[in-house]
Amino acid sequence: MSESLILPVLPLDDEVVLPGMVVPLDLSDSEVRSAIDAAQASGGNKPRVLLVPRIDGRYGAVGVQAVVEQVGRLPGGEPAAVVRGVNRVRVGTGTTGPGAALWVEAITVDTVAAGERAQELAKEYKALATTILQKRGAWQVVDQVNQIDDPSVLADSSGYTPWLTTAQKVELLEAADPADRLAKLVEWSREHLAELDVAETIRKDVQEGMEKQQREFLLRQQLAAVRKELKELNGDSAETEEEDYRARVEAADLPQKVREAALKEVDKLERTSDQSPETGWIRTWLDTVLDIPWNERTEDNYDIIGAREVLDADHTGLSDVKDRIIEHLAVRKRRQDKGLGVVGGRRSGAVLALAGPPGVGKTSLGESVARAMGRKFVRVALGGVRDEAEIRGHRRTYVGALPGRLVRAIREAGSMNPVVLLDEVDKVGADYRGDPTAALLEVLDPAQNHTFRDHYLEVELDLSDVLFLATANVLEAIPGPLLDRMEVVTLDGYTEDEKVAIARDHLLPRQLELAGLTADEVTVGDDALRRLAAEYTREAGVRSLERSVARILRKVAANDELPVAVGADDLVGYLGRPRFVPESSLPEASQRTSVPGVATGLAVTGAGGDVLYVEASLADPETGETGLTLTGQLGDVMKESARIAMSYLRSHGAELELPVTALKDRSVHVHFPAGAVPKDGPSAGVTLTTALASLLSGRLVRGDVAMTGEISLTGRVLPIGGVKQKLLAAHRAGITTVLIPARNEPDLDDVPQEVRDELTIHPVSDVREVLDIALAPAKVASAVAA
């Protein structure tokens, strides 16, 4: 039956005492001392207090009435009181009482009799508690638990259990029914027992693993001692730490799969006799793997302005490729700021193809890009490579097998994100040993190269953070699938002003140093550099220009007294007469077109843009020859262009006022000078038509006019490629008027403004427009002929 009590409150912080528990309390705590003193002051042989759990500063609704059994000192000398829980009480309202303690009204909780369910749960809980205690090794406690018959007392004895949380013990305190308490204990005990089983399994596994490692370590030490003794008996020196491949592999920072493969090879090495040739192969493979910087990366320089300054300082012009590198840096910086370094195992590398004539700075640009980005630079020369194994490596079954050039480049660079220059990728060959360009398909594919596998390594190598720069002179020589994987940046050559700036700022200082001279001892004026570019070295790049500068400085160092100033008029004394006709005098095109039947065209070669002449003549009718003769080492496409031009003139002769009937009885001979140079392509169609029209009409082709464009049978002028390079070539040759297909007009945006300002460019769409502009009037032709 419930009973009303007035008791001093003794709060227990994050602790719970259940009925029947005997616990010591530290009297150095002021709250404990106040409660005990108040209970003793209230009188009685057995002072009583109310033990209430205080969890996170909040008092529980149910506490335990406890009897103060003894007050004294612990063995260590600390003052303490021993209390014993008696029964559950429900905390009521506060009231007054002696001492400084808090007094409250409390009502005892009626005890619920234990039924059959409680008896069954008690048996189950007793079995679970016994199993747990046995696993913990508490055999004395097992006997005490088995001696408890009362289900309520058994349930309250769980207050001593260390694996129950404070919240769980509060639930037991608030549950009056023993069956409810036992049901909770059974559930919690099962969960704890399962945790113990898992912990026991883990402990056994760890112990077995440690024992295995200890046995393996002991056996390896014994094996090492045996090998050492054998070496000493054979007169060999003992094995050094450098040869301890297992220690090197375990100490190296390797990806998990690479580490597993390396350890497997180490195991094989330890089992292999030193006399076996396979030992050397395994050692070479392990040395290669350990030399690769698997997790080494240099920090990119994200100073966009500074990177642009580096690029501008190293190279004049080339704005397209510089802009692309700056864009790449800006994107990487933004990705890093947003934490997008690796997506799907792929990093943000890039594959660029620098295409252009020789001498424009493609190769040297790679080193400049690496310096601007703060990366390592490595060059891979692909010119003349014919073996697929040069790219992907040799399989280890072959004697003298080596990794491919890409792996060797990464190892040489010492980082996984270098700038790799694939030089002369258009000159890669193919034979019975395979096609290297096919192996490059995986290397240069951003979707695949993060899992590149070299035949020699046979482990995955991540190339997705590498910046690949491929150089080429002729894009047509690169297979289509490989070209599709690269972003093409075209370097079409330099204008005359750019060449002068390059020679002044880069070539001259470098050659002065090579010649052992200083800028104070030799000066070369801009007028001399401009004449060098225009009259001595007419080219798309600056390689011949640099050789000419070097030749001048060598002659100065050998023959002249210093200091020397080299001007434009001094070049003849150093280099001889100019190789090309000066632009200030009669251009070469005017000389070549001084007779009917000669027209000036424009072409693109591996050395850049060039001027192409077409000569046509009619055979004497008395010879009886007919048909069309083509010479000049022409390709099939160019031969077809000549036939199309003949067919167009035959079908439109009356309209164009041309005596095409003469073609029926006379042979036509078309020749392209520089016969040793192969020529092909459709862009000479308008030039062929103009030369034949000039031949038939007797009208000269204007000497200041050059043209390019494909022709159709209906007389349409179709678009062609290489407009920028062709216009630069026309500008270098002194041409002032250029005819291009109308559909190529957007390509003029790529031509430097200073070149466009000096050229008169006519976009044309029909052959009639070409003839109207290119052919001189009849009276002018007659005067010239006279």
Only one of ARG408, ARG396 is modelled with pLDDT of 85 or more and more than 16 Å from the chain's Cα centre (by Cα); which?
ARG408
Does GLY627 satisfy the condition of being touching a residue at least 24 places away in the same chain (Cβ under 8 Å), within 22 Å of ALA706 (Cα to Cα) and not polar (S, T, N, Q)?
no
Could you figure out which of (1) modelled with pLDDT of 90 or more; (2) touching a Ser or Thr at 6+ places or on another chain (Cβ under 8 Å); (3) of a type outside the set (Lys, Arg) isn't true of THR689?
(2)
Only residues in region 187-214 that are small (Gly, Ala, Ser) count as the first member; pair them with residues that are surrounded by 10 or more Cβ atoms within 10 Å (Cβ to Cβ), Cβ under 6 angstrom, at least 6 apart or cross-chain, and list the lot.
SER189/LEU128
Taking region 596-612 and the residues there that are at pLDDT 85 or above and part of a loop (DSSP other than H, G, I, E, B), the one that is surrounded by the most Cβ atoms within 10 Å (Cβ to Cβ) would be GLY597
Hits in region 420-440 (condition: assigned to a strand (DSSP E or B) and farther than 12 Å from LEU382 by Cβ):
ASP431, GLY434
Every residue from region 516-537 that is open to solvent by 60 Å² or more (accessible area, probe 1.4 Å) and not in a loop (DSSP other than H, G, I, E, B)
THR523, ASP526, ASP527, ARG530
Just to check your reading of the model, which residue among ARG308, ARG297, ARG334 is open to solvent by 60 Å² or more (accessible area, probe 1.4 Å) and more than 30 Å from ASP750 (Cα to Cα)?
ARG297
Pairs please, first residue from region 256-271 and closer than 15 Å to TRP294 by Cβ, second anywhere and open to solvent by 100 Å² or more (accessible area, probe 1.4 Å) and of a type in the set (A, V, I, L, M, F, W, C), Cβ atoms under 8 Å, 6+ apart in sequence or on different chains.
none
State which residue is surrounded by the most Cβ atoms within 10 Å (Cβ to Cβ) when the search covers only region 635-648 and only residues that are under 11 Å from ALA684 (Cα atoms) and touching an Asp or Glu at 6+ places or on another chain (Cβ under 8 Å).
SER641
Restricting attention to region 495-517, and to residues there that are in contact with a Ser or Thr (Cβ under 8 Å, 6 or more places away or on another chain) and of a type outside the set (Gly, Ala, Ser), which single residue is farthest from ASP749 (Cα to Cα)?
LEU512
Mind listing whichever residues of region 400-409 are in contact (Cβ under 8 Å) with a residue 40 or more places away in the chain and small (Gly, Ala, Ser)?
ALA401, GLY404
Can you list residue pairs whose Cβ atoms sit under 7 Å apart, with the first residue in region 532-558 being in contact (Cβ under 8 Å) with a residue 40 or more places away in the chain and the second being assigned to a helix (DSSP H, G or I) and β-branched (Val, Ile, Thr)? Count only pairs 6 or more apart in sequence or on different chains.
VAL542/ILE502
So which residues in region 618-634 are modelled with pLDDT under 80 and open to solvent by 60 Å² or more (accessible area, probe 1.4 Å)?
ASP620, PRO621, GLU622, THR623, GLU625, THR626
Helices (runs of 4 or more DSSP H) wholly inside region 303-419 that include at least 1 residues being of a type in the set (Asp, Glu) and over 20 Å from LEU463 (Cα atoms)
304-314, 319-337
Considering every residue within region 390-399, establish whether at least one is in contact (Cβ under 8 Å) with a residue 40 or more places away in the chain and out of contact with any helix residue (DSSP H, G or I) (no Cβ under 9 Å at 6 or more places or on another chain).
yes
Take HIS450 and decide whether it is surrounded by fewer than 23 Cβ atoms within 10 Å (Cβ to Cβ), touching a residue at least 40 places away in the same chain (Cβ under 8 Å) and in a helix (DSSP H, G or I).
yes
Here is a list: VAL68, VAL82, VAL86. Which entry is crowded, with 17+ Cβ neighbours inside 10 Å and assigned to a strand (DSSP E or B)?
VAL68
For region 105-159, please list each of the helices (runs of 4 or more DSSP H) lying entirely inside it that holds at least 1 residues being touching a residue at least 12 places away in the same chain (Cβ under 8 Å), farther than 21 Å from LYS169 by Cα and charged (D, E, K, R).
116-136
Among strands (runs of 3 or more DSSP E) lying entirely in region 1-56, which contain 3 or more residues that are closer than 19 Å to ASN87 by Cα, open to solvent by 20 Å² or more (accessible area, probe 1.4 Å) and modelled with pLDDT of 85 or more?
22-26
Taking the condition modelled with pLDDT under 85, assigned to a helix (DSSP H, G or I) and under 30 Å from ALA565 (Cα atoms), does GLU513 pass?
no
List pairs: first in region 303-322 and touching a residue at least 60 places away in the same chain (Cβ under 8 Å) and farther than 22 Å from ASP492 by Cβ, second surrounded by 14 or more Cβ atoms within 10 Å (Cβ to Cβ) and of a type in the set (Ser, Thr, Tyr), Cβ under 9 Å, 6+ apart or cross-chain?
VAL310/SER368
Just one of (1) closer than 22 Å to ASP426 by Cα; (2) at pLDDT 85 or above trips up VAL360, so point out which.
(2)
What number goes with the only condition from (1) closer than 26 Å to ALA729 by Cβ; (2) open to solvent by 30 Å² or more (accessible area, probe 1.4 Å); (3) not β-branched (Val, Ile, Thr); (4) not in a helix (DSSP H, G or I) that ALA540 does not pass?
(2)
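Per-residue answers, yes or no, for (1) of a type in the set (Gly, Ala, Ser); (2) more than 24 Å from VAL62 (Cβ to Cβ):
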| site | (1), (2) |
| --- | --- |
| THR95 | no, no |
| PRO98 | no, yes |
| TRP103 | no, no |
| THR111 | no, no |
| VAL141 | no, yes |
| ALA175 | yes, no |
| MET210 | no, yes |
All but one of (1) assigned to a loop (DSSP other than H, G, I, E, B); (2) under 28 Å from HIS652 (Cβ atoms) hold for VAL770; which doesn't?
(1)
Residue count for region 182-234, restricted to those that are closer than 23 Å to LYS135 by Cα and of a type outside the set (S, T, N, Q)
27
Residue in region 490-507 that is surrounded by fewer than 19 Cβ atoms within 10 Å (Cβ to Cβ), at pLDDT below 90, within 21 Å of the chain's Cα centre (by Cα) and not in a strand (DSSP E or B) present:
no
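The values are calculated or read from the model by the stated rules, or taken from the named source; none is laboratory data. No experiment lies behind these values; they were computed from the predicted model shown. Here Cβ is always computed from backbone atoms with ideal geometry, including for glycine, and neighbour counts include all displayed protein chains. What goes into the accessible areas is simple: the full protein's heavy atoms, side chains included, and nothing from ligands, DNA or RNA. Shrake-Rupley method; radii C 1.70, N 1.55, O 1.52, S 1.80 Å.
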